[in-house]
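Written below as structure tokens is the structure these notes are about.
FYI, it's all coordinate maths here, none of it is from the lab. Being a predicted model, the structure only gives us computed values, none of them experimental. Don't worry about glycine lacking a Cβ; one is built from the backbone with ideal geometry, like all the others, and counts go over all protein chains shown.
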Amino acid sequence: QGSIAFKDVHFAYDPERQILKGVSFEVPAGKTVAIVGPSGAGKSTISRLLYRFYDVQQGSVTIDGQDVRDITQKSLRAAIGMVPQDTVLFNDSIAYNIRYGRLGATDDEMMAAADIAQIGHFIRNLPDGFGTMVGERGLKLSGGEKQRVAIARTILKAPPILILDEATSALDTTTEQEIQAALDVVSKNRTTLVIAHRLSTVINADEIIVLRHGEIAERGTHAGLLAQNGLYASMW
Ligand code: ADP
Ligand code: ADP
């Protein structure tokens, strides 16, 4: 469930400037594909087209063979979970922020998700536990803690498709490794599109696509690309 296909996708925010110039790739159900490349290459645009913030001008984006234009916004949002670079939390309790993933979740389910996201210990030690307010009205969370809240929320939501858009880019190296470990657990056996500019976050992807100026410049596994080029020749 949840295979993704981009077929000859052309896209421009404004007609003067083509951003994606015929991009085709597939993410088979349960697999992970990483899109890497320099800033401005069009990586995030790909995730926006999947979420249907914009429509393609040519070509198609499909999920399980169905054009995203024929899927209701509600179903699309239910099918896709997103961990962005900088999670913006609601100025509300930790419980609200995590439960937002699935409003019917019980405290036990939330705690299980928090444990997988490696934030369970942290929450147990807060004076009000899940009830602790965050944001302007309460506790200030670090970047890594916010990402863990986002991961716990996504674990509760359990969507068939996951988009990780530079999910660890804003973190220091040690925190990045810890968050990456949590993300590896969540993305296992789930159709996952990883957007990244660092190679360290994509090593385990089933396929790596190097995007450059809106075109696929290279593709392969991490090992394959390394063997061909020593490094991904067109990445920087
Ligand atoms: P990447 O994720 O690879 O850094 P993006 O997909 O975010 O690249 O952006 C690709 C290009 O599209 C960039 O040149 C960016 O300035 C432009 N762009 C992104 N969003 C918009 C928008 N909403 N309107 C116009 N141009 C945009
Ligand atoms: P969902 O994935 O539940 O359909 P959205 O599509 O609204 O949620 O947004 C994608 C992700 O962005 C959510 O999972 C959530 O992490 C976050 N998000 C959305 N809206 C807000 C908001 N107003 N404040 C904080 N985070 C938000």
Query - region 19-49-region 66-93 distance, computed between alpha-carbon centres (Å) - result: 17
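Do the sum for the chain: with -39,500 (n - 2.57) for every DSSP H run of n ≥ 4, divided by all residues, what is the mean residue ellipticity at 222 nm, to the nearest 500 deg cm²/dmol? Could you put the intermediate results ahead of the total?
Details: 8 runs with 74 residues, N = 236.
It lands at -9000 deg cm²/dmol.
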Query raised in the report: What nm value, rounded to one decimal, do you get for the distance between Glu26 and Lys74 when each label is placed 7 Å out toward the C-beta?
Result: 3.1
Requested in this report: Would you list, by chain and number, the aspartates and glutamates whose Cα falls below 13 Å from the Cα of Lys157, excluding same-chain residues fewer than 8 positions away?
Outcome: Glu109
Query raised in the report: Separation between the Gln66 and Leu139 pseudo-spin-labels, each 7 Å from Cα along Cα→Cβ, expressed in nm?
Result: 3.9
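If you take the beta carbon distance between Arg219 and Asp128 as r and set R0 to 41 Å, what does 1/(1 + (r/R0)^6) give as a FRET efficiency, to the nearest 0.05? Please report the intermediate quantities before stating the final value.
Values: r = 49 Å, r/R0 = 1.19.
It comes to 0.25.
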Report task. Arrange the peptides 146-154, 133-141, 64-72 so that the one whose residues have, on average, the most other Cβ atoms within 10 Å appears first. Result -> 146-154, 133-141, 64-72
Query raised in the report: Roughly what would the spin-label model give for Gln177 and Gln58, points 7 Å off Cα along C-beta, in nm?
Result: 4.7
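Ranked by Cβ crowding within 10 angstrom, fewest neighbours first, how are Glu145, Glu16 ordered?
Values: Glu145 21, Glu16 6.
The order, fewest Cβ neighbours first, is Glu16, Glu145.
For region 110-192, what is the charge dipole size about the Cα centre, in debye to the nearest 20, if Lys and Arg each add +1 at the Cβ and Asp and Glu each add -1 at the Cβ?
Working: 9 positive and 10 negative charges, 66 e Å.
Charge dipole of region 110-192: 320 debye, to the nearest 20.
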Report summary line: Taking every DSSP bridge whose two residues both lie in the chain, the antiparallel percent to the nearest 5 is 50
